[in-house]
1. How do Leu221, Leu340 line up, fewest other C-beta atoms within 10 Å first?
2. What whole number of Å gives the distance from the Cα centroid of the stretch 283-352 to the Cα centroid of the stretch 50-127?
3. For a protection proxy built on the mean count of beta-carbon atoms within 10 angstrom, sort 202-214, 321-333, 96-108 highest first, please.
4. So how do Lys268, Lys238 line up by other beta-carbon neighbours within 10 Å, fewest first?
5. If you take every DSSP beta bridge whose two residues both sit in the chain, what share of them, in percent to the nearest 5, is antiparallel?
6. Convex hull volume of the Cα atoms in the chain, per residue, in Å³?
7. Scan around Lys70 for amide H atoms under 5 Å from its own, H built in the peptide plane at 1.01 Å from N, and keep only partners 5 or more places away or cross-chain.
8. Rounded to the nearest 500 deg cm²/dmol, what is the calculated helix-only ellipticity per residue at 222 nm for the chain, with -39500 (n - 2.57) per DSSP H run of length n ≥ 4?
Amino acid sequence: MLHKEIARRDLLKLGLVAGGAVLFSGCQKAVNMDLSTSQLRVSDPSNSKMEELIRYATLAANGHNTQPWKFRIMDKTLEIHPDLSRRLNVVDPQDRELWISLGCALENLVIAAGAAGFANEIIYPAKEQNYIKINLQSDTTEVSHLFNSIQIRQSTRSEYNHEKLSNVLMDQIHSVSTEPGVSLKFIENISETERVIEYLNAGNMKQYADKAFLEELIFWLRFNQKEALSTMDGLFSKCSGNPTVPRFLGEMFVSSTKPQKQAEADAKKLLSSSGSVVFATDNDTPESWVRCGQVFERLSLHLTSLDLKSALVNQPIEVPELRGEFQTAMGLGSNLPQLLMRFGVADAMPYSLRRPVEEVLI
């Protein structure tokens, strides 16, 4: 017990949400911090069917748990709009990961719509349309094997169990379907992992030396239950395995995080994982980012269905001067890296919160 408490304090000194970059929160709206799976699956019977589809969409992964989305219901048409008031100006100035977050929400919505008996037509964002449009049509119910994973998927940012996965399990992971223009580069041997760690370290050193980055991170941290319940968003410290503390104390620890210590902590987490994967696209456009988000959410749900955990370590991609070098080092050719995910065997962490559906409707 003493060892665990010391480890928790060490993590707190490292900044509470080790990994620092736009870590995608993998949790969902709950009425408290310790809900069981069965409780999480209970739906609000007062929600309309369309609002229930939106509720599933809001359980998607998203940067810093900012929940940067708005939804519009028009008969059997749903729209997903970016909420630019929740953008991350420092770490995501192009809104690249914001659109990826919307793609994650889209994937959940499409899976839930199939389970509710709807076929769908997706109209992706373009110059003349700065949002995602989903036309629904009544059809035969099609329940994806990923549907039951939506409410229990989470980003698990702890160390994993150093477990090597069987070839059969790896084949199942590799079988996930992609979207046009999206490719996956799996990294599963130690030499490639060590190469990734070089860029992960460089990203941490750059980000944690940036005062603006730390200020933005601190803004979205929720250091105690009162803060988390008052906003229903952000990165709650308990979901990262850290104790709750007063804001002044949390801010002091995060602002004093040593870049080298953060780099060492994240390298240790990557080495504890069973593997990692780079998500890449052939273009840097909102449509490409949305499709990337769909594939990311799809693989996250697939891993959840296999009782595996995952989390993002995006630092090599979020630092502009590293992204191109990382692209070359990973042998991606002309494909552009968008996300870096690690996966493996680990215990579940507490779930974070989601804002109620009525707060995200236009």
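1. Leu221, Leu340
2. So the two Cα centres are separated by 17 Å.
3. Values: 202-214: 18.7, 321-333: 15.0, 96-108: 27.9.
Sorting 202-214, 321-333, 96-108 by mean packing, highest first, produces 96-108, 202-214, 321-333.
4. By the 10 Å Cβ count, ascending, the order reads Lys268, Lys238.
5. Details: 36 of 40 bridges.
Around 90 percent of the beta bridges assigned by DSSP in the chain are antiparallel ones.
6. Normalising the Cα hull of the chain by residue number yields 134 Å³.
7. Result for Lys70 returns His81, Asp83.
8. Dividing the helical sum by the residues of the chain leaves -12000 deg cm²/dmol.
Readers should treat all values here as calculations from the given coordinates under stated rules, not as data from a laboratory. Bear in mind the structure is a predicted one, so any value in this text is a computation, not a measurement. So basically every Cβ, Gly included, is an ideal-geometry build from the backbone, and we count neighbours across all protein chains shown.
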